[in-house]
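Q: This structure is in structure tokens; I'll ask about it shortly.
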Amino acid sequence: MIYCSPFSFFTSVGILAHLESHLNVFLDHFCYQSLHVSYNESRLTCLKRSWFDLAGFTLFLGFIIDRVHHYLEKLNKLRSNAGASKEEVESIEKEKVELKEKEEKASKEIMQLKEQISGLSESLKKTKVECEEKDKRVETAEAHVTSLQKQAADLLLEYDRLLEENQNLQAQALRHNKN
């Protein structure tokens with residue numbers, strides 16, 4: 001909006017020029033005339049004075065009307081801005097509520113994931129214990145297998161030795177029987 005001077009209304013109508021001419025006449029009458037004034041002149045002077053009072057009041061009223069108009073326009077702008085601000089506040093509050101809901105959902109998911117993690121960690125501990133027990137069993141079984149293999153090898157050697165001794169004894173027994 002283009003702001004106009006508070007006196008722009010009066011200059012466009014030409015009242016100021018008219019008042020200026022009346023003021024000049026008034027000043028000429030009192031400054032350059034004698035102090036002796038007749039009754040008609042005093043009535044004319046009162047009429048002029050009333051005219052100037054009315055003109056001054058009109059100027060003052062015009063200024064007040066212009067200021068009120070200016071402030072009403074400002075008030076309208078502020079009200080429209082306030083309406084827009086209210087809408088922004090409402091949208092921000094909606095976003096705040098949505099973010100709180102998302103935060104609650106996220107916190108619930110976090111709690112569920114923590115529970116799952118704790119359950120999985122307990123399961124992992126049990127599995128590790130079971131694995132260690134199986135490893136111990138495997139080690140004992142391997143040690144037992146090794147000892148059994150060693151025993152089997154020793155028994156095989158003993159069997160071979162006994163077999164050879166048996167053959168020797170049978171050969172001796174046959175020789176003894178032939179003789």
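Any read-out appearing in this document is the output of simple, stated calculations on the displayed coordinates, not a laboratory observation. All values derive from a computational prediction rather than experimental measurement. Positions of Cβ are generated from backbone atoms using ideal geometry, with glycine treated the same way; all protein chains shown enter the neighbour counts.
Q: Out of ALA106, ALA153, report the one residue that is among the aliphatic types (A, V, I, L, M), surrounded by 10 or more Cβ atoms within 10 Å (Cβ to Cβ) and more than 60 Å from the chain's Cα centre (by Cα).
A: ALA153
Q: State whether the residues of region 66-84 include one that is of a type outside the set (D, E, K, R) and touching a residue at least 40 places away in the same chain (Cβ under 8 Å).
A: yes
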